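*Asks:* Have a look at the structure that comes next, please.
The values are calculated or read from the model by the stated rules, or taken from the named source; none is laboratory data. Quick caveat: nothing in here was measured; it's all calculated off a predicted structure. Positions of Cβ are generated from backbone atoms using ideal geometry, with glycine treated the same way; all protein chains shown enter the neighbour counts.
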Amino acid sequence: MASPVPELPLIDGAAPLIVHLSAEYYPYARTGGLAEASWGLHRFQHRRGRATMAILPLYRVARAHVRQLEPVGDPYTLDFGGRRETFRLLRDQDPASGTPTCFIEHNGFFDREGIYGERGQDYADNPRRFGAFAAAAVAALPRLTDGPVLLHAHDWHAALAPVYLRSWWGGDPWFDRIPVTLSVHNGGYQGHYPPETLADLGLPWELFRFDLLEWYGKLNLLKGGLTHADVATTVSPTHAKELCTDEGGFGLQATFRALGERFTGVLNGIDQAVWDPRSDDQIVATYGPDDFTGKAACKRDLQRRFGLPLDPAVPLVALAGRMAMQKGLDLVIRNQSLFALPSQFIFLGSGERRYEEGLAHLRHVMPGRVGYEPRFSDTLEHQLMAGADIFLMPSQYEPCGLTQMRAQRYGTIPVARRVGGLSDTIDDGLTGFLFDSYEERAVTGALWRALLEHADPHAWQEMQRTAMSRDFGWDRVADRYVEIYHLGARHRAGIVGGG
């Protein structure tokens, strides 16, 4: 029997339209977990019968995924401190799920080769681009519904939405009643810019205050969102605690602490129908917790693809994702003791040049031991999940992480650092192996523990079955956000009502 769907807060006596603003949204625009998290929450809220909408910029890369764009009203113009910009609101719909998505079209800002930049460099006008996206999205809200709206902005790219909402449209009763939730998917990225950027964004200088948008003499877009939102979240309970500490707050710890109960952590989820080894059509053989024959076939296929010996007994260790400092690559690239362990290694993903070059060098000097593919694809990620024995996640920090959830679903045991969402989703010694210190010897020691367990097939399969039984679905997450929306609506009502 399905669990009852909790009621959304009523605004002006009616259930609101939930509108998600995100710079990334699967499958239209994706560089990391933000796209899947914003898509997943929106999609499952829609499945639960919510009135929902997502809005993102119409990038060049997004046009390859749209079905049929339809204009929502006429083009409209906004004034950014004397600079006038014209936008169009366009709508698309996923025919499989019926999930509605809208796009902000401005070819000068978004019809470019990249999302954030090109050839390793950010676009110089990113604050103008994402400020325009946020303002244009807020201006478009009355086009989406005659009823109330609940706004959910994601990360620093959309963080100016509540700032524009409370400044440009402040005093308008319809806009004033809109509660805003801001989700911080990665607090290490905040949008730091020179103070003069404020005028370029069409925002008043009065907002450049230490308790609003000013941060050590710079403009901080994420801080502006946090100080103007009604509630804020991050993507795991442990990371919410980390962001409130001097060591883990990325300089915004006082801002997070000041929110009090209005700041909380909610784990992201994964689509467990997509990430299911029993029905996955992207792997060479399906399997389940009662029969791992298919996983052995997937391992052979993966070894063959990467030119590794087809040895079923040797543990196969994988690492996939964005090759960046945050992911702990410094603990891996020159870790001689790690590569001295009796294992094969496969790395998947691109990122910082030094890590790409380091992994390519390892592949060259250790043929038959190390495989590396910089070109990431969904299919290859599925095959890696199915074929590997162990997944390595030595992250410097990890707000939530989705890879460790997918890995456990596929009976691929994670070895990870005890931070953020990794700590919240991996049970040490039961569904994976955790380590604490950000040191080479710590990750080597944790992997050695995993190899000792792997040497006992009975114990290893018991761990695999336990990991595969974990529930990382979106339903529980979507319902938890209803509680957060109620808190935001109460806060907004208290401000608008003066109480």
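*Asks:* Inspect all residues belonging to the range 257-279 and state whether any of them is farther than 28 Å from R418 by Cα, outside the structural domain of H491 (by TED's automatic domain parsing) and not polar (S, T, N, Q).
*Replies:* Checked the range 257-279: at least one residue is farther than 28 Å from R418 by Cα, outside the structural domain of H491 (by TED's automatic domain parsing) and not polar (S, T, N, Q).
*Asks:* Among the residues of the range 320-334, how many are surrounded by fewer than 22 Cβ atoms within 10 Å (Cβ to Cβ), of a type in the set (A, V, I, L, M) and assigned to a helix (DSSP H, G or I)?
*Replies:* Qualifying residue count for the region: 1.
*Asks:* Having 3 or more residues that are closer than 29 Å to D479 by Cβ, among the hydroxyl-bearing types (S, T, Y) and in the same structural domain as D155 (by TED's automatic domain parsing) is the bar; report the strands (runs of 3 or more DSSP E) wholly within the range 41-108 that clear it.
*Replies:* Once the strands (runs of 3 or more DSSP E) in the range 41-108 are filtered for at least 3 residues that are closer than 29 Å to D479 by Cβ, among the hydroxyl-bearing types (S, T, Y) and in the same structural domain as D155 (by TED's automatic domain parsing), nothing remains.
*Asks:* A further question follows. Can you pull out the residues in the range 1-59 that are within 30 Å of T86 (Cβ to Cβ) and acidic (D, E)?
*Replies:* Within the range 1-59, E24 is the sole residue that qualifies.
*Asks:* Let me ask something else. Mind listing whichever residues of the range 335-349 are in a loop (DSSP other than H, G, I, E, B) and surrounded by fewer than 15 Cβ atoms within 10 Å (Cβ to Cβ)?
*Replies:* A340, P342
*Asks:* Given the conditions (1) buried (at least 19 other Cβ atoms within 10 Å of the Cβ); (2) over 28 Å from I11 (Cα atoms), and given that T227 satisfies all but one, which numbered condition is not satisfied?
*Replies:* All conditions are met except number (2).
*Asks:* Let me ask something additional. Can you pull out the residues in the range 320-342 that are over 22 Å from F376 (Cβ atoms), touching a residue at least 12 places away in the same chain (Cβ under 8 Å) and of a type in the set (S, T, N, Q)?
*Replies:* N335, S337
*Asks:* I've got another one for you. S437: closer than 22 Å to E242 by Cβ, in a helix (DSSP H, G or I) and either modelled with pLDDT under 95 or out of contact with any Gly (no Cβ under 8 Å at 6 or more places or on another chain) (or both), yes or no?
*Replies:* So S437 fails the test.
*Asks:* Let me ask something else. Taking the range 252-261 only, how many residues are touching a strand residue (DSSP E or B) at 6+ places or on another chain (Cβ under 7 Å) and not in a helix (DSSP H, G or I)?
*Replies:* 1
*Asks:* Condition check: under 24 Å from the mean Cα position of the chain (by Cα), in the same structural domain as S167 (by TED's automatic domain parsing) and part of a helix (DSSP H, G or I). Does A240 satisfy that?
*Replies:* Answer is yes for this residue.
*Asks:* Considering each of Q45, Q93, Q68 in turn, give the residue that is on the phi < 0 side of the Ramachandran plot and exposed (fewer than 12 other Cβ atoms within 10 Å of the Cβ).
*Replies:* So the residue among Q45, Q93, Q68 that is on the phi < 0 side of the Ramachandran plot and exposed (fewer than 12 other Cβ atoms within 10 Å of the Cβ) is Q68.
*Asks:* Name every residue in the range 279-292 that is exposed (fewer than 13 other Cβ atoms within 10 Å of the Cβ) and assigned to a strand (DSSP E or B), in order of residue number.
*Replies:* Answer for the range 279-292, where residues must be exposed (fewer than 13 other Cβ atoms within 10 Å of the Cβ) and assigned to a strand (DSSP E or B): just D291.
*Asks:* Hey, another quick one. I'm checking my understanding of the structure. Among residues of the range 455-489 that are of a type in the set (G, A, S) and free of Cβ contacts under 8 Å to residues at least 40 places away in the same chain, which one is nearest to I18 (Cα to Cα)?
*Replies:* The selected residue is A459.
*Asks:* Output the number of the condition that A232 fails; it satisfies all remaining conditions of (1) under 26 Å from A140 (Cβ atoms); (2) out of contact with any helix residue (DSSP H, G or I) (no Cβ under 7 Å at 6 or more places or on another chain).
*Replies:* (2) is the only condition that A232 fails.
*Asks:* If T264 satisfies every condition in (1) surrounded by fewer than 20 Cβ atoms within 10 Å (Cβ to Cβ); (2) touching a Ser or Thr at 6+ places or on another chain (Cβ under 9 Å); (3) part of a loop (DSSP other than H, G, I, E, B) but one, which is the exception?
*Replies:* (3)
*Asks:* Tell me which residues, restricted to the range 100-125, are within 22 Å of the chain's Cα centre (by Cα), over 30 Å from A15 (Cα atoms) and crowded, with 20+ Cβ neighbours inside 10 Å.
*Replies:* Those that are within 22 Å of the chain's Cα centre (by Cα), over 30 Å from A15 (Cα atoms) and crowded, with 20+ Cβ neighbours inside 10 Å: F110, I115.
Here's the yes/no breakdown for (1) touching a Leu at 6+ places or on another chain (Cβ under 8 Å); (2) farther than 18 Å from E462 by Cα; (3) of a type in the set (G, A, S); (4) surrounded by fewer than 17 Cβ atoms within 10 Å (Cβ to Cβ):
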position	(1), (2), (3), (4)
I270	yes, yes, no, no
W275	no, yes, no, no
G294	no, no, yes, no
K299	yes, yes, no, no
R304	yes, yes, no, yes
D311	no, yes, no, yes
P315	yes, no, no, no
A318	yes, yes, yes, no
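*Asks:* Which residue, of A2, A62, is hydrophobic (A, V, I, L, M, F, W, C) and modelled with pLDDT under 90?
*Replies:* From the options A2, A62, the qualifying one is A2.
*Asks:* Turning to a different aspect of this structure: For the range 425-440, what are the residues that are over 17 Å from P237 (Cβ atoms) and of a type in the set (S, T, Y)?
*Replies:* T431, S437, Y438
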